[in-house]
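The structure under discussion appears below in the form of structure tokens.
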Amino acid sequence: MTKIFETPLYPYARSRDQDADTPVRHPVVVLGAGPVGLAMAIDLAQSGVPVVVLDENDKVSFGSRAICFAKRPLEILDRLGCGQPMVDKGVVWNLGKVFLGDRQVYEFNLLPEDGHKRPAFINLQQYYLEQYLVERAREIADETGLISLRGGNRVSAVGPDDAGVMLTVETPEGIYRLEADWLVACDGASSPTRTMLGLDFQGRVFEDNFLIADVVMKADFPTERWFWFDPPFNKDQSALLHRQPDDVWRIDLQLGWDIDREAEKDPARIRPKLEAMLGADVDFDLEWVSIYTFQCRRMEKFRHGRVLFAGDAAHQVSPFGARGANSGFQDTDNLAWKLKLVIDGLAPDGLLDSYDEERIFAADENILNSSRSTDFITPKSHASRVFRDAVLELSEHHAFARPLVNSGRLSLPAIYDGSPLNGPDAAGMPARSRPGAPASDAPLAEGWLIDRLGGGFQLLAIDAQVPERLEIDGIALDGISVSTAHDASDALRQRYLGTAASAVYLIRPDQHVAARWTTYDADAVAGALRRATARG
């Protein structure tokens, strides 16, 4: 199983840029070939923008790392062409259970309604995700030449100015320089780009440590998320159990603050903890071990002129809630189409400021939820501990207490309420599909609604008529007409009409709603499109 960690997927190869007399200029350079950087490159290339991806590494990440991928990022990955292999390989789950001591106090379903293509979550080791993304990037590179994926390329200097960014790149064969109109830094939580520009995070680092162990074993635990408060095998602490593919199980154990991190990673110390949890008769092997500390922090701004930050390079949250990689995919989903329009001259540079506004809004929402989870899981005072334990006791028999239990509020997509790109709303329509919200999926006579959305601006007509195609200020809009007449599930009406008889939605390239009306109005659509592209 370690073979995937050892195989170079994008080994160093000399590029023509290294032999140029002067630095070669590229429209976009992405730093970091992890999940977020690869998603950014694929999204841009699919829209016709050439991208260079630089990473000093050439392999997938060691260890499972991020494992929980939510419904919304799966929809994004479907649009990028690699969602299906993830779902095929991953472990699908919707159900979670919470325990106090050794007894279950309640359970929850993260996707209680039918009529969605994708599940609430899948569990999949990050190294598989990275492999699928690299394969997709290679496929695009072979077909179009729009992605240049360069392993063994370490960026040692970044020099931005008003017109672009100069990069100094170190390789096994020496140093070369290149220029970028735009630089997207997806180089992780310790982002060298952030350091080179003298930027930093602001936020909280929590006083607690958690052990992550990937355990290979045959076990009959159900495919669910199990979270324990004060379990008998880890007294006065917490624990988490998740199933992954290949008989690998993720176990998180709270350790406390004052620990010897290296000693805690010693298998001789870990095995007794796991035997107490799993039972002495369970045969298991340790595949990967790490220790982490909760951090809930972000950069003050994600855009710095011609340099834009995404993923962990821009923000960090605690792992409970699966908000790290999931929010990173939503960063690139938000940024790619805006950068494309600016590069093509179809939107002003100011459109990129909305990336800052919308994704900082989302990051703050994630940080708030993650901080609350951390405070509940690791109470900092006697009073907080008494409150938490009382809530857990009540939750076993009283439904009103269950929303107060916080074992990690699991990742949900941000709704960009108040975004400067949002256009008109219409009365009587469902709140879940308001401007700023990601479009809800629904079953159609053939296939799924979500598969027909995204990649460009669209007009979605439900029991209404819109043009099949139109162009406004050089931007094309495709019309999609669907009907509730043959919708036995009633999902379209419930999710998009509410009390309205018909609806027309302006959908952004990232599948978020920009505006909506009860009927088609050409002037209103033109005005909403201009607003959605920062020209209003």
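Give me the residue from the range 433-469 that is more than 26 Å from the chain's Cα centre (by Cα) and surrounded by fewer than 17 Cβ atoms within 10 Å (Cβ to Cβ) and, out of that set, nearest to GLN84 (Cα to Cα).
GLU446
Looking only at residues in the range 1-22 that are surrounded by fewer than 15 Cβ atoms within 10 Å (Cβ to Cβ) and part of a helix (DSSP H, G or I), which one is modelled with the lowest pLDDT?
LYS3
May I ask you to list the residues in the range 291-303 that are over 17 Å from ASN234 (Cα atoms), open to solvent by less than 20 Å² (accessible area, probe 1.4 Å) and at pLDDT below 90?
Hits for the range 291-303 are PHE294, CYS296.
Using the structure shown, decide if ALA189 is in a loop (DSSP other than H, G, I, E, B) and open to solvent by less than 60 Å² (accessible area, probe 1.4 Å).
Details: in a loop (DSSP other than H, G, I, E, B): yes; open to solvent by less than 60 Å² (accessible area, probe 1.4 Å): yes.
Criteria met by ALA189.
Consider GLU393 carefully, then state whether it is of a type in the set (D, E, K, R), assigned to a helix (DSSP H, G or I) and either open to solvent by less than 50 Å² (accessible area, probe 1.4 Å) or under 25 Å from LEU241 (Cα atoms) (or both).
Here the answer is yes, as GLU393 does meet what is asked.
For the list (1) touching a Cys at 6+ places or on another chain (Cβ under 8 Å); (2) surrounded by fewer than 20 Cβ atoms within 10 Å (Cβ to Cβ), I need the number of the one condition that ARG25 fails.
Only one criterion in (1) touching a Cys at 6+ places or on another chain (Cβ under 8 Å); (2) surrounded by fewer than 20 Cβ atoms within 10 Å (Cβ to Cβ) is unmet by ARG25, namely (1).
ASP417: touching a residue at least 12 places away in the same chain (Cβ under 8 Å), charged (D, E, K, R), touching a strand residue (DSSP E or B) at 6+ places or on another chain (Cβ under 8 Å) and farther than 29 Å from ASP230 by Cα, yes or no?
Numbers: touching a residue at least 12 places away in the same chain (Cβ under 8 Å): yes; charged (D, E, K, R): yes; touching a strand residue (DSSP E or B) at 6+ places or on another chain (Cβ under 8 Å): no; farther than 29 Å from ASP230 by Cα: yes.
Spelling it out, it is not the case that ASP417 is touching a residue at least 12 places away in the same chain (Cβ under 8 Å), charged (D, E, K, R), touching a strand residue (DSSP E or B) at 6+ places or on another chain (Cβ under 8 Å) and farther than 29 Å from ASP230 by Cα.
Determine, yes or no, whether PHE376 is in contact (Cβ under 8 Å) with a residue 60 or more places away in the chain and either touching a strand residue (DSSP E or B) at 6+ places or on another chain (Cβ under 8 Å) or surrounded by 22 or more Cβ atoms within 10 Å (Cβ to Cβ) (or both).
Answer is no for this residue.
Just checking, how many residues over the range 170-220 are farther than 23 Å from ARG65 by Cβ, without any contact (Cβ under 8 Å) to a residue 40 or more places away in the chain and of a type in the set (Val, Ile, Thr)?
1
For the list (1) out of contact with any helix residue (DSSP H, G or I) (no Cβ under 6 Å at 6 or more places or on another chain); (2) within 27 Å of ALA41 (Cβ to Cβ); (3) among the aromatic types (Phe, Trp, Tyr), I need the number of the one condition that PHE99 fails.
(2)
So GLY428 passes all but one of these: (1) open to solvent by 60 Å² or more (accessible area, probe 1.4 Å); (2) touching a residue at least 12 places away in the same chain (Cβ under 8 Å); (3) over 21 Å from the mean Cα position of the chain (by Cα). Which condition number does it fail?
The one condition GLY428 does not meet is (1).
Go through (1) outside any helix (DSSP H, G or I); (2) among the acidic types (Asp, Glu); (3) more than 20 Å from ARG154 (Cα to Cα) for ASP58 and report which single condition fails.
Checking ASP58 against (1) outside any helix (DSSP H, G or I); (2) among the acidic types (Asp, Glu); (3) more than 20 Å from ARG154 (Cα to Cα), the one that fails is (3).
The values are calculated or read from the model by the stated rules, or taken from the named source; none is laboratory data. Bear in mind the structure is a predicted one, so any value in this text is a computation, not a measurement. When we count neighbours, we look across all protein chains shown, and the Cβ atoms used for this are built from the backbone with ideal geometry, even at glycine. When the accessible area is computed, the model is the full protein with side chains, heavy atoms only, and any ligands, DNA or RNA have been set aside. Shrake-Rupley method; radii C 1.70, N 1.55, O 1.52, S 1.80 Å.
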